[in-house]
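Take this structure, written in structure tokens, and hold onto it; I'll ask about it next.
Derivation of every value follows stated rules applied to the coordinates shown; laboratory data play no part. If you're wondering where the values come from, they're calculated on a predicted model, not measured in any experiment.
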Amino acid sequence: MLSQTENDSRIIEISFCREPLVVFVHSRHPWVERETIRIEELEGQEVILREPGSTKRRAFKQALKQIRVTLRPIMEIGSREAVWMAFEKVM
């Protein structure tokens, strides 16, 4: 079981689960009461991202690229917990 594979014709990928991505917003952000947002709504938003090697970040960037959504990264951080802590400090 792998979270990512290389492009190799000898390997067949079969997805067996989907994990949601969570968006944190400040308590004064217009989305604070929402349960969900569409990925298109992230256009132009300032974001704190996981580090470039993160599997989730790679999947997220691929999804953004497919629909041509551009973010405004303000920070890149190496762990989920550190993202939460940075969010608390920035916001």
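Given the rule -39500 (n - 2.57) for each run of at least 4 DSSP H residues, summed and divided by the residues of the chain, what is its mean residue ellipticity at 222 nm, to the nearest 500 deg cm²/dmol?
Result for the chain, helices only: -8000 deg cm²/dmol.
Cα-based Rg of the stretch 39-90 per 2.2 N^0.38 Å, rounded to two decimals?
Normalised Cα radius of gyration, the stretch 39-90: 1.12.
Could you state the angle between the C-alpha long axis of helix 80-90 and the longest principal axis of the C-alpha atoms of the chain, as a value from 0 to 90 degrees rounded to the nearest 10?
With rounding to tens, the tilt is 20 degrees.
Another one. Percent of Cα-Cα pairs per 10 Å bin, from 0 to the last occupied bin, for the chain, please list those.
The percentages, shortest bin first, are 13, 43, 32, 10, 2, 0.
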